[in-house]
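**Q** One structure is given below, represented as structure tokens, and several questions about it will come after.
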Amino acid sequence: QGQIEESGGGLVQPGGSLTLACVVRPLSFNIYEVQWHRQAPGQRREWVASMYGNGVTNYADSARGRFAGMRGSAKNTFYLQMNNLELGETADYYCHAPSRNYWGRGTRVTVSS
């Protein structure tokens with residue numbers, strides 16, 4: 001049984017940056033697509049970005065221009081760099097591997113002054 005490990009959440013001021021990390025295990029799996037989703041308190045989970053093995057990343061309108069998805073040098077390691085974070089982006093951020101239907105437990109991002 002595989003799993004996803006997320007990290008990198010924390011407290012950041014408005015306008016600040018954070019980089020989230022996602023590792024999909026076992027490393028023997030070849031993961032082509034990884035998605036990032038987030039769920040704010042009392043809200044529905046929403047899609048943020050999708051990263052593909054060909055280097056293409058698609059973003060939700062709210063993330064485009066401020067967030068950047070990238071693959072790490074280690075296998076099955078993915079990052080979401082988030083810049084210019086806004087107050088309304090406090091949420092639990094989740095990594096998802098659709099081909100395996102794996103979800104991580106989420107990492108909390110708190111944007112507060």
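**Q** For region 89-95, take each phi angle, set θ = phi - 60°, evaluate the Karplus expression 6.51 cos²θ - 1.76 cosθ + 1.60, and give the result in whole Hz per residue in order, putting x for glycine and proline.
**A** 9, 4, 5, 8, 9, 10, 9
**Q** Dipole size in debye (nearest 20) for region 1-63 around its Cα centre, Lys and Arg Cβ +1, Asp and Glu Cβ -1?
**A** It comes to approximately 120 debye.
**Q** Calculate what fraction, in whole %, of the accessible area of region 11-60 sits on carbon and sulfur atoms when a 1.4 Å probe is rolled over the protein chains.
**A** 49
**Q** Using mean Cβ contacts within 10 Å as the protection proxy, how do 60-72, 77-89 order, highest first? Can you show the working numbers first?
**A** On the way: 60-72: 15.1, 77-89: 17.6.
Packing proxy ranking, top to bottom: 77-89, 60-72.
**Q** Quick check: convex hull of the Cα atoms in region 47-91, volume per residue, rounded to a whole Å³? Don't jump to the answer; show the numbers that get you there.
**A** Working: hull volume 3.9 nm³, N = 45.
For region 47-91, the hull spanned by Cα atoms encloses 86 Å³ per residue.
**Q** What distance in nm lies between label points placed 7 Å from Cα along the C-beta direction at A60 and S7?
**A** 2.5
**Q** To the nearest 20 debye, what is the magnitude of the charge dipole of the chain about its Cα centre, counting +1 on the Cβ of each Lys and Arg and -1 on the Cβ of each Asp and Glu?
**A** 220
**Q** Once you put a point 7 Å from the Cα of S73 and another 7 Å from the Cα of S113, both along the Cβ direction, what distance in nm separates them?
**A** Each label point is offset 7 Å from its Cα along the Cβ direction, giving 4.0 nm.
**Q** Once amide H atoms are built 1.01 Å from N in the peptide plane, which residues 5 or more positions from A49, or in another chain, come under 5 Å H to H?
**A** Residues meeting the criterion, in which the H sits 1.01 Å from N, are W36, A60.
**Q** For the chain, what are Rg and Dmax over the alpha carbons, in angstrom?
**A** Taking only Cα atoms of the chain, I get Rg and Dmax of 13.3, 42 Å.
**Q** Further question on the same structure: Compute the accessible area per residue over region 1-68, keeping the other protein chains in place, probe 1.4 Å, unit Å².
**A** Result: 55 Å² of accessible area for each residue.
**Q** Mind telling me which of V56, V23, V48 comes out most flexible in a GNM of the chain, alpha-carbon contacts under 10 Å?
**A** V56
The values are calculated or read from the model by the stated rules, or taken from the named source; none is laboratory data. On a predicted model such as this, the values are computed, not experimentally measured, just so you know. A quick note on method: Cβ atoms are made from the backbone with ideal geometry, for glycine too, and the neighbour counts reach across all protein chains shown. In case anyone asks, the SASA skips ligands and DNA or RNA and just uses the protein heavy atoms, side chains included. Shrake-Rupley method; radii C 1.70, N 1.55, O 1.52, S 1.80 Å.
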